[in-house]
Amino acid sequence: MMSASAEAVKEAGMGNVFFMSLTGQPIGDSFSPVIQMYPFPTPAFYGGWFPRADLLAVVHSHSDLTPTKLPPEVEAAVGAAGVSSYDLFVCLSDMSEIVAENGEVINLVHHAWAYPGVMPGDKMMGQFLMGAFTFPGGGVGPMASKVDMPINTLSPMRISVHSQKGGMCCSPNNARVALDLSQPVCVCWTVCAEASKRACVSLQLIGTQPLPELQQAIAGCTSLIDVVASVRQCLGEESCASLALDLAMGAYATAETKSMASGLYSQTETEPMPTQRTDCGKGGKGGNKSQQRKKNSKGNGRNSTVVSAAEAEDIPVTEADQLRKRSNAIRKKLNQIAKLQATLDGGGKLQDSQLVKLASKAALEDELDSIEVLRVALR
């Protein structure tokens, strides 16, 4: 995928984290203080204080600047989104503490990439084509309850950033996948595209178990070839993570590992599985309104590489009643919350369940705004 010389070196000032940009713009300078993330796909857990993976190594390039090689399905998905160039990230991270506490389901968060210029108080909401691409041995798949993050295909997904009490919030709780916690490192590729405008592709190497030897090795790396060698040494040359990295960093792959990597990526692990979320048609401020569409449920489950932009803006009139009912239901909840807030402001006490309802106000208002955008589009 990326072509870089062995002399390419680690960015200074990042401590034990290996950052390297092949674009001429240091990754360390791109951190968003507003939402506390770097502008690349980041494994995280939606809950509590929104814990994010500990970053070990990240390499950034762009397809306009370096020769690229992606798995065929990933390359096809980018092309079907109408995008000819894209950001490329190889991300090695540690989620072991988070999954040990919260289980195997995680979020693949793209908010900082979607809205790199977000400012305090902004309300950004848009629709992006997203998907995770999995291959044999990668250990990444859909949640047991439903397909949330599309698997081996792209579906429209909502990405929203808005203010709430205490700071800025990333919504909604989507782009979720399940990790095989028996594997030390799980592997998948991700695509996120603002249709016909720009796209982001990433190779995610997500640690699910403590890997002190790998962390120590990465901390001592000063060049890209050091990182590749460390992963091979600590995880094994034939591990899915090592082979994925060999494909991504083809300049350092041996003839044997190149052949093995090609075999690994000859076919995705499963058939395409579009998202089964019922809110993925919600678009709005900050995104491409032409991507607003009906909910992408099982009725859209054809084996296509991507839902086209034309399909994405096809919002049938038959959804109007559902939107109206949901809008009314949310307004009733907001009225109840207003009464609870009045009680609290008057010095009254609330039960724990009532406080939970009170905390849902911002998310409900966000959802209501999204619904009203769609209702206008249906008129």
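The values are calculated or read from the model by the stated rules, or taken from the named source; none is laboratory data. Keep in mind the model is a prediction, meaning the values are calculated, not measured. Methodologically, a virtual Cβ is constructed for each residue, glycine included, from the backbone with ideal geometry; neighbour enumeration extends over all protein chains shown. These area figures cover heavy atoms from the full protein model, side chains too; ligands, DNA and RNA do not enter into them. Shrake-Rupley method; radii C 1.70, N 1.55, O 1.52, S 1.80 Å.
Just a few scattered comments:
- LEU129 vs. criteria under 10 Å from PRO41 (Cβ atoms) and modelled with pLDDT of 95 or more: no
Okay, residues lined up against (1) assigned to a loop (DSSP other than H, G, I, E, B); (2) at pLDDT below 65; (3) of a type in the set (Asp, Glu):
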| residue | (1), (2), (3) |
| --- | --- |
| GLU311 | no, yes, yes |
| ASN328 | no, no, no |
| LEU334 | no, no, no |
| ALA342 | no, no, no |
| GLY347 | yes, no, no |
| GLN354 | no, no, no |
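- Against the test of being modelled with pLDDT of 95 or more and under 18 Å from the mean Cα position of the chain (by Cα), the options PRO43, PRO39 yield a single qualifying residue, PRO43.
- Residues satisfying the stated conditions in the stretch 65-84, i.e. touching a strand residue (DSSP E or B) at 6+ places or on another chain (Cβ under 7 Å), at pLDDT 90 or above and in a loop (DSSP other than H, G, I, E, B): ALA81, VAL83
- Scanning the stretch 47-64 for residues that are over 13 Å from PHE89 (Cα atoms) and in a loop (DSSP other than H, G, I, E, B) returns GLY47, GLY48, TRP49, PHE50, PRO51, ALA53, ASP64.
- Subset of the stretch 174-211 (residues that are within 22 Å of PRO274 (Cα to Cα) and polar (S, T, N, Q)): ASN174, THR190, SER196, SER202, GLN204
- Enumeration of residues in the stretch 233-250 that are part of a helix (DSSP H, G or I) and either among the aliphatic types (A, V, I, L, M) or within 26 Å of the chain's Cα centre (by Cα) (or both): LEU235, CYS240, ALA241, SER242, LEU243, ALA244, LEU245, ASP246, LEU247, ALA248, GLY250
- Any hit, the stretch 366-378, residues being under 27 Å from the mean Cα position of the chain (by Cα), modelled with pLDDT of 75 or more and farther than 24 Å from SER155 by Cα: no
- If you filter the stretch 202-253 down to residues that are of a type in the set (Asp, Glu) and open to solvent by 10 Å² or more (accessible area, probe 1.4 Å), you find that the one that is nearest to GLY139 (Cα to Cα) is GLU238.
- Screening the stretch 100-194 for strands (runs of 3 or more DSSP E) wholly inside it with 1 or more residues that are surrounded by fewer than 23 Cβ atoms within 10 Å (Cβ to Cβ) and on the phi > 0 side of the Ramachandran plot returns the ranges 167-171.
- Matching residues, the stretch 21-42, being in contact with a helix residue (DSSP H, G or I) (Cβ under 8 Å, 6 or more places away or on another chain) and closer than 17 Å to VAL201 by Cβ: SER21, TYR38, PRO39, PHE40, PRO41, THR42
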